[in-house]
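Contents: one structure, followed by commentary.
The values are calculated or read from the model by the stated rules, or taken from the named source; none is laboratory data. Just so it is clear, the model here is predicted, and its values are computed rather than measured. Here the Cβ positions follow ideal geometry from the backbone for every residue, glycine too, while neighbour counts run over all protein chains shown. The protein model used for the area step is the full one, side chains on, heavy atoms only, and it has no ligands, DNA or RNA in it. Shrake-Rupley method; radii C 1.70, N 1.55, O 1.52, S 1.80 Å.
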Amino acid sequence: MSENTLLMTAVKAADDKRAEDITVLNMKGISLISDYFIICHGNSDKQVQAIAREMKEKSEEEGFNVKRMEGFDEARWILVDMGDVVAHVFHRDERSYYNLERLWGDAPVENVQSMLNQ
């Protein structure tokens, strides 16, 4: 299975749980950590956990191995490591504080809307 399938699966899972401001950064050639970062946020601890849980479950249903999930209990910033795709699911307040989009500002932004329309 391809990383594009994994990326689309995770983005759709986040959207299904009403994640806000879903951003996908293409990290190829920029970071050795992964090929794509998904950055999104929820408005409550429960929503942040639901988004991360849905990403993990849907990815595993498609046959992808979720290597680890960190920060789930605190629900302020949950990292879902799916290998080629790493998702950062923030609580709204934490997202603006860490501002990963600015930190990785040289990374191209992928068109999320086209992924959700497929």
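Filtered by the rule that a residue be of a type in the set (A, V, I, L, M, F, W, C) and surrounded by 23 or more Cβ atoms within 10 Å (Cβ to Cβ), the range 40-63 gives C40, V48, I51, A52, M55.
Considering A87, A107, which residue is at pLDDT 95 or above and either of a type outside the set (D, E, K, R) or open to solvent by 30 Å² or more (accessible area, probe 1.4 Å) (or both)? Every option except A87 fails the conditions. The criterion of being in contact with a Gly (Cβ under 6 Å, 6 or more places away or on another chain) and either under 23 Å from D73 (Cα atoms) or open to solvent by 30 Å² or more (accessible area, probe 1.4 Å) (or both) does not hold for V11.
Pairs linking a residue in the range 61-75 that is touching a residue at least 12 places away in the same chain (Cβ under 8 Å) and farther than 15 Å from L6 by Cβ to a residue that is among the hydroxyl-bearing types (S, T, Y) and not in a helix (DSSP H, G or I), with Cβ atoms under 9 Å and 6 or more positions apart or on different chains, are A75/S44.
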